[in-house]
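Chemist: Please read through the structure below; I'll follow up with questions.
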Amino acid sequence: MSAILDNLKEWLQDRKQHLDLFDETKTSRLDNPLYTLGGLIWLSWIVVIVSGIFLMVWYVPTTTGAYRSIEHITYDIPLGWLARGMHKYGADMLITCITLRIYRMYFAGEYKKPGELSWMILFASLVLGMISGITGYLLIWNQRAFWAAKTVLTVPTYYDEIPGFGNLGLGRAIAYIFLGGPAVGQATITRFYAIHFGISVLGLILAEVFFYRTRRRRLNLSPFVIALVVVFLGYLSFVRLTDMGRWANPNRTPLPILSDWYFLALYQVVKYMPPLWAGIAPALLIGYGMVVPFLDRTKETRPLERPFFFTVGVLALVYWIGFTALIMLNIAVIGRDPPIIMAITIVVMTLAFLWEIAHRRRKAQMRAATAKAPPAPRLPPGQGGRGGAAATT
Amino acid sequence: MTLGRRKVLKVLTAIPVLGGLVAVLSPLFRYLKPNDGPWQIFTVAPDIPKGGDQVVGKTTALAKPWDFFYFTYVQKFVQYDPTGYKATNIPGVAVRLPHKVKFENLQGYTGYKEETDIALFQRICPHLGCIFNYIPDWREVQSGYGGYTPPEAEKHALMGCPCHLSIYDPSYPGDPGNRISGPAPRGARYFQFEIRGEDIVVVGAELGAIA
């Protein structure tokens, strides 16, 4: 037991030394825009925090005051539109950059030793970012927000129906703790406000401790890029004033209704699956993300050298884009689509598995062929070969 | 394995540390969910809403088969804030069915004690809690709720949810309001009601929905 603990401690020590939260150790690769993503994550996060503080000055976190206060911020307060726009578009940029960085790390095999912990933290930050997103957009108290909060927090109630465990009440307790009771109301806004604020504040404290201890530079972007991003977000806030939606009406769900863009694919999946599975599937997806560094054990980092994991990544990307497109086009034939999707998944995964086996076999054969080939005869000095070349120069 | 002095001391110190942890966690759970007593962290019994008798409409408004009206039934829900509770509407729909049915669902909940052609459904979708609509013409289900085409026997008024496209049949044999398409795991929840003269009086609501 103590040997396992010692190994774990050693593993953690090693990975902590190689921790890279915002690509701050990859400064030599900044000529590639994909390696500016870490810096852009930090930048957009700070934009969101600062603009969030400005919003807090005017925001009223009550069911009766929230919508009006945000309307007031957007249309009446000088530069209120800018604070709200920077907060909304900064958050969109944050989620976009985290997602792109996840895909970069996945396809470039950066989650492999010693990057496992960095990958896990990045993946967890996407989950936290999405939680921050959903708790944040309830604060507007519009239709989209209200129904998103209600549907998302009805999902845990199905955990009480997991076969074999009986009804422990745990699922409902989770839902009620987040909602502040068995109904969406004032307590829900208060709790969501606390979570929304808490995620960023606690995250920022941890990131600052990390930077203080490692003495690394937080933001490895040129002032020009930083200015460009900030000006672009400001411009976007000006030309595309953030939407208000309609005041939340608990008696009427609009048809059709959409979630925020990064939840759209998941929303489509929830239409297709029984609710218990719709609650378990995202957990499995998060689980897969967390353990993928320990499943993909080869040393190869090039995508085509690890066909199975490459295909899983491509499939996830295709599904994410495909489901998002389907929901935006309002296509969901419940009786027709799920068997087709299941068939595609099974066929693609099987092919990927066979590809992986064939690839490994081919590599093993190549290795065996190289091992069997007789070693080149060692020539005496001065008669060619490396030694000879050195001697002649 | 030898049990050295150090190990014994370590184990002995761990006991109060673990005890302390439990002592801290228990009130923390109750900080988040204050209506649970000590050692009753996952009990949801205190969260059951309260309603009472409420007149929601008249039988005369349901003269012909498939006539319907929407109503709201108000219940007191527990809320973990200084007020302690909130009054919340449970949207409902009353429907005149084309024939008399036993208004009891597969979950064993009885909405009306005798056979009836009036049915009262809660409109909170038993899937994930959106408010579903009563759709007098099934073709509207096909065009607006994901392209579902009901079988011949169900080509009449249906109920459909805008969020995840679950479709319910108010006159489903053996379980009025049962799901006929979509991801919902069960049929629509019922109201328990009585008919007093011309008044339709709701006296209770099936539990389980997040309002």
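Chemist: Taking segment A:155-214 as the region of interest, how many residues are away from every other protein chain (no Cβ under 14 Å) and either closer than 24 Å to A:I121 by Cβ or under 25 Å from the mean Cα position of the chain (by Cα) (or both)? Talk me through it step by step, then tell me what you get.
Modeler: Kept after step one, since they are away from every other protein chain (no Cβ under 14 Å), are these residues of segment A:155-214: A:164, A:196-197, A:199-214.
Restricting the remaining residues to those that are either closer than 24 Å to A:I121 by Cβ or under 25 Å from the mean Cα position of the chain (by Cα) (or both) gives A:196-197, A:199-214.
Total satisfying the criteria: 18.
Chemist: Do any helices (runs of 4 or more DSSP H) lying entirely in segment A:216-316 carry at least 3 residues that are hydrophobic (A, V, I, L, M, F, W, C) and more than 12 Å from every other protein chain (Cβ to nearest Cβ), and which ones are they? Working first, answer last.
Modeler: Working: elements: A:223-239, A:264-272, A:275-295.
Of the helices (runs of 4 or more DSSP H) lying wholly inside segment A:216-316, those with at least 3 residues that are hydrophobic (A, V, I, L, M, F, W, C) and more than 12 Å from every other protein chain (Cβ to nearest Cβ) span A:223-239, A:275-295.
Chemist: Further, regarding this structure: Considering only residues that are in contact with a Ser or Thr (Cβ under 7 Å, 6 or more places away or on another chain) and within 20 Å of A:W45 (Cα to Cα), which ones fall in segment A:173-217?
Modeler: At the first step, the residues of segment A:173-217 found to be in contact with a Ser or Thr (Cβ under 7 Å, 6 or more places away or on another chain) are A:175, A:179-180, A:183, A:185-186, A:189, A:192, A:195-196, A:199-200.
A:F192, A:I195, A:H196, A:I199, A:S200, listed by residue number.
Chemist: Based on what the data block shows, is B:G108 at positive phi, surrounded by fewer than 14 Cβ atoms within 10 Å (Cβ to Cβ) and over 19 Å from the mean Cα position of the chain (by Cα)?
Modeler: Numbers: at positive phi: yes; surrounded by fewer than 14 Cβ atoms within 10 Å (Cβ to Cβ): yes; over 19 Å from the mean Cα position of the chain (by Cα): no.
Answer is no for this residue.
Chemist: Restricted to segment B:147-175, and to residues that are surrounded by fewer than 23 Cβ atoms within 10 Å (Cβ to Cβ) and within 14 Å of chain A (Cβ to nearest Cβ), which residue is modelled with the lowest pLDDT?
Modeler: Across segment B:147-175, the extreme among qualifying residues is B:G147.
Chemist: If you check B:T59 against the conditions, is it free of Cβ contacts under 8 Å to residues at least 24 places away in the same chain and of a type in the set (S, T, Y)?
Modeler: Answer is no for this residue.
Chemist: Moving to a separate point now. Quick check on segment B:158-165. Is at least one of its residues in a strand (DSSP E or B) and touching a Lys or Arg at 6+ places or on another chain (Cβ under 7 Å)? Give the derivation first.
Modeler: First, the residues of segment B:158-165 that are in a strand (DSSP E or B): B:158-160.
Going one step further and asking which of them are touching a Lys or Arg at 6+ places or on another chain (Cβ under 7 Å), we end up with none.
Within segment B:158-165, none of the residues are in a strand (DSSP E or B) and touching a Lys or Arg at 6+ places or on another chain (Cβ under 7 Å).
Chemist: Assuming A:Q143 fulfils every condition listed in (1) touching a residue at least 24 places away in the same chain (Cβ under 8 Å); (2) crowded, with 19+ Cβ neighbours inside 10 Å; (3) of a type outside the set (A, V, I, L, M, F, W, C) apart from one, which condition is it?
Modeler: Of everything listed in (1) touching a residue at least 24 places away in the same chain (Cβ under 8 Å); (2) crowded, with 19+ Cβ neighbours inside 10 Å; (3) of a type outside the set (A, V, I, L, M, F, W, C), A:Q143 misses just condition (2).
Chemist: What tally of residues in segment A:175-208 results from selecting those that are farther than 25 Å from A:N249 by Cα and either among the aliphatic types (A, V, I, L, M) or free of Cβ contacts under 8 Å to residues at least 12 places away in the same chain (or both)?
Modeler: Number of matching residues: 9.
Chemist: Right, something else. Looking at segment B:77-93, which of its residues are more than 9 Å from chain A (Cβ to nearest Cβ) and either in contact with a Gly (Cβ under 6 Å, 6 or more places away or on another chain) or modelled with pLDDT under 95 (or both)?
Modeler: First, the residues of segment B:77-93 that are more than 9 Å from chain A (Cβ to nearest Cβ): B:82, B:84, B:87, B:90, B:92-93.
Passing the criteria: B:P82, B:G84, B:A87.
Chemist: Restricting the first residue to segment A:318-333 and requiring it to be away from every other protein chain (no Cβ under 14 Å) and exposed (fewer than 14 other Cβ atoms within 10 Å of the Cβ), which pairs with a second residue that is part of a helix (DSSP H, G or I) and at pLDDT 95 or above meet a Cβ separation below 7 Å and a spacing of at least six or different chains?
Modeler: Correct list of pairs: empty, since none qualify.
Chemist: Let me ask something else. So in segment B:117-141, with the set limited to residues that are among the aromatic types (F, W, Y) and under 23 Å from A:P250 (Cβ atoms), which one is nearest to the other protein chains (Cβ to nearest Cβ)? Step through it out loud before you land on a result.
Modeler: Taking segment B:117-141 as the starting set, the residues that turn out to be among the aromatic types (F, W, Y) are B:121, B:132, B:134, B:138.
Adding the requirement that they be under 23 Å from A:P250 (Cβ atoms) leaves B:121, B:132, B:134.
On the way: B:F121: 15, B:F132: 8, B:Y134: 13 Å.
For segment B:117-141, the residue satisfying everything is B:F132.
Chemist: Further question: Keeping to segment B:58-93, report how many residues are not hydroxyl-bearing (S, T, Y) and not in a loop (DSSP other than H, G, I, E, B).
Modeler: Looking only at segment B:58-93, we keep the residues that are not hydroxyl-bearing (S, T, Y), and these are B:58, B:61-69, B:71, B:74-79, B:81-82, B:84, B:86-87, B:89-93.
Narrowing the set further to residues that are not in a loop (DSSP other than H, G, I, E, B) leaves B:58, B:61, B:68-69, B:71, B:74-78, B:86-87, B:89-93.
Result for segment B:58-93: 17.
Chemist: Run down A:M120, A:M93, A:M105 and say which single residue is away from chain B (no Cβ under 13 Å), part of a helix (DSSP H, G or I), without any contact (Cβ under 8 Å) to a residue 40 or more places away in the chain and not β-branched (V, I, T).
Modeler: Numbers: A:M120 fails: without any contact (Cβ under 8 Å) to a residue 40 or more places away in the chain; A:M93 fails: without any contact (Cβ under 8 Å) to a residue 40 or more places away in the chain.
One residue alone meets the criteria, A:M105.
Chemist: Let me ask something additional. Does A:T63 satisfy the criteria of being hydroxyl-bearing (S, T, Y) and over 21 Å from the mean Cα position of the chain (by Cα)?
Modeler: Numbers: hydroxyl-bearing (S, T, Y): yes; over 21 Å from the mean Cα position of the chain (by Cα): yes.
In short, yes.
Chemist: Consider segment A:45-90. How many of its residues are in contact (Cβ under 8 Å) with a residue 60 or more places away in the chain, assigned to a helix (DSSP H, G or I) and of a type in the set (F, W, Y)?
Modeler: Residues in segment A:45-90 being in contact (Cβ under 8 Å) with a residue 60 or more places away in the chain, assigned to a helix (DSSP H, G or I) and of a type in the set (F, W, Y): 4 in total.
The values are calculated or read from the model by the stated rules, or taken from the named source; none is laboratory data. Fair warning: this is a prediction, and the values are worked out from it, not measured in the lab. Using ideal geometry, Cβ is built from the backbone for each residue, glycine included, and neighbour counts are taken over all protein chains shown.
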